[in-house]
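Student: Here it is, the structure, as structure tokens.
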Amino acid sequence: AFNGTWKVDRSDNYDKFMEQMGINVMKRKLAEHDNLKITIEQTGDKFHIKESSTFRTKDIDFTLGVQFDYSLADGTEVSGTWEMDGDTLRGKFTRKDNNKVLTTTRTLEGGELVQSYSYEGVDAKRIFKKQ
Ligand code: MYR
């Protein structure tokens with residue numbers, strides 16, 4: 001159901017979230033307009049994600065429930081897992097630099113892919129449209 005190519009359409013509180021993550025205003029301005037596009041290919045409990053943005057292109061492979069490493073677009077390294085909870089993908093990632101936890105979900109709502117982010121009490125969302 002998550003399969004396909006998704007392009008970011010709008011964000012909610014993403015600037016505040018990035019600020020809480022410690023990202024400076026210059027990078028936040030760029031990140032607001034990153035044209036993030038993700039292609040999701042799920043086969044059973046294995047996922048292949050192609051990420052592309054104004055910052056980079058990146059391929060990510062993970063298996064539900066299996067820990068993996070990922071670096072955010074600003075270079076912050078995290079390690080964690082995605083799990084399926086009903087129709088919701090729930091991610092829990094720990095920053096390697098300070099051990100603080102970032103949680104994220106992906107759900108389908110009205111044909112859109114909604115990704116939520118939470119870090120140290122600040123929540124944000126990015127909403128993607130299918131291409
Ligand atoms: C993926 O499924 O796309 C790869 C794993 C994603 C892990 C964590 C995602 C959090 C991204 C937060 C970006 C905010 C930058 C401050």
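Student: Scan region 73-90 for residues that are aliphatic (A, V, I, L, M) and open to solvent by 20 Å² or more (accessible area, probe 1.4 Å) and report the count.
Tutor: The number of residues fulfilling the criteria is 2.
Student: Would you point out which residue out of 65, 80, 75 is touching a strand residue (DSSP E or B) at 6+ places or on another chain (Cβ under 8 Å), in a loop (DSSP other than H, G, I, E, B) and not hydroxyl-bearing (Ser, Thr, Tyr)?
Tutor: Details: 80 fails: in a loop (DSSP other than H, G, I, E, B); 75 fails: touching a strand residue (DSSP E or B) at 6+ places or on another chain (Cβ under 8 Å).
Just one listed residue meets the conditions, 65.
Student: One residue is enough: does region 91-107 have a residue meeting the conditions loosely packed, with under 13 Cβ neighbours inside 10 Å, in contact (Cβ under 8 Å) with a residue 24 or more places away in the chain and in a strand (DSSP E or B)?
Tutor: No, every residue in region 91-107 fails to be loosely packed, with under 13 Cβ neighbours inside 10 Å, in contact (Cβ under 8 Å) with a residue 24 or more places away in the chain and in a strand (DSSP E or B).
Student: Could you list, in sequence order, all residues of region 32-84 that are of a type in the set (Ser, Thr, Tyr) and under 18 Å from residue 104 (Cα atoms)? Talk me through it step by step, then tell me what you get.
Tutor: Here is the first cut: in region 32-84, the residues of a type in the set (Ser, Thr, Tyr) are 39, 43, 52-54, 57, 63, 70-71, 76, 79, 81.
Correct list: 39, 63, 70, 71, 76, 79, 81.
Student: Okay, moving on. Select, from 23, 40, the only residue that is in contact with a strand residue (DSSP E or B) (Cβ under 8 Å, 6 or more places away or on another chain) and within 12 Å of the ligand (Cβ to nearest atom).
Tutor: Values: 23 fails: in contact with a strand residue (DSSP E or B) (Cβ under 8 Å, 6 or more places away or on another chain).
Sole residue among the options that is in contact with a strand residue (DSSP E or B) (Cβ under 8 Å, 6 or more places away or on another chain) and within 12 Å of the ligand (Cβ to nearest atom): 40.
Student: Tally the residues that are out of contact with any helix residue (DSSP H, G or I) (no Cβ under 7 Å at 6 or more places or on another chain) and near the ligand (Cβ under 10 Å from one of its atoms), restricting the search to region 74-94.
Tutor: Within region 74-94, the subset out of contact with any helix residue (DSSP H, G or I) (no Cβ under 7 Å at 6 or more places or on another chain) is 75-94.
Still in the list and also near the ligand (Cβ under 10 Å from one of its atoms): 76, 78-82, 89, 91-93.
The total comes to 10.
Student: I'm trying to understand the selection: among the residues of region 108-120, which are within 14 Å of the ligand (Cβ to nearest atom) and exposed (fewer than 14 other Cβ atoms within 10 Å of the Cβ)?
Tutor: 120
Student: Hey, does region 46-62 have a residue that's among the hydroxyl-bearing types (Ser, Thr, Tyr), over 21 Å from residue 27 (Cβ atoms) and touching a strand residue (DSSP E or B) at 6+ places or on another chain (Cβ under 7 Å)? I'd like the intermediate steps shown before the answer.
Tutor: Initial filter on region 46-62 (among the hydroxyl-bearing types (Ser, Thr, Tyr)): 52-54, 57.
From what's left, over 21 Å from residue 27 (Cβ atoms): none.
Looking for residues that are among the hydroxyl-bearing types (Ser, Thr, Tyr), over 21 Å from residue 27 (Cβ atoms) and touching a strand residue (DSSP E or B) at 6+ places or on another chain (Cβ under 7 Å), one finds none in region 46-62, hence no.
Student: Looking at the structure I just gave you, is residue 4 under 22 Å from residue 127 (Cβ atoms), more than 11 Å from the ligand (Cβ to nearest atom), modelled with pLDDT of 95 or more and of a type in the set (Gly, Ala, Ser)?
Tutor: Values: under 22 Å from residue 127 (Cβ atoms): yes; more than 11 Å from the ligand (Cβ to nearest atom): yes; modelled with pLDDT of 95 or more: yes; of a type in the set (Gly, Ala, Ser): yes.
The answer is yes for residue 4.
Student: If residue 128 satisfies every condition in (1) farther than 20 Å from residue 45 by Cα; (2) assigned to a strand (DSSP E or B); (3) open to solvent by 20 Å² or more (accessible area, probe 1.4 Å); (4) more than 10 Å from the ligand (Cβ to nearest atom) but one, which is the exception?
Tutor: Residue 128 satisfies all of (1) farther than 20 Å from residue 45 by Cα; (2) assigned to a strand (DSSP E or B); (3) open to solvent by 20 Å² or more (accessible area, probe 1.4 Å); (4) more than 10 Å from the ligand (Cβ to nearest atom) except (3).
The values are calculated or read from the model by the stated rules, or taken from the named source; none is laboratory data. It should be emphasised that the depicted structure is a prediction, and the values quoted were computed from it without experimental measurement. Positions of Cβ are generated from backbone atoms using ideal geometry, with glycine treated the same way; all protein chains shown enter the neighbour counts. We work out accessible area using only protein heavy atoms, side chains counted, and drop any ligands, DNA or RNA first. Shrake-Rupley method; radii C 1.70, N 1.55, O 1.52, S 1.80 Å.
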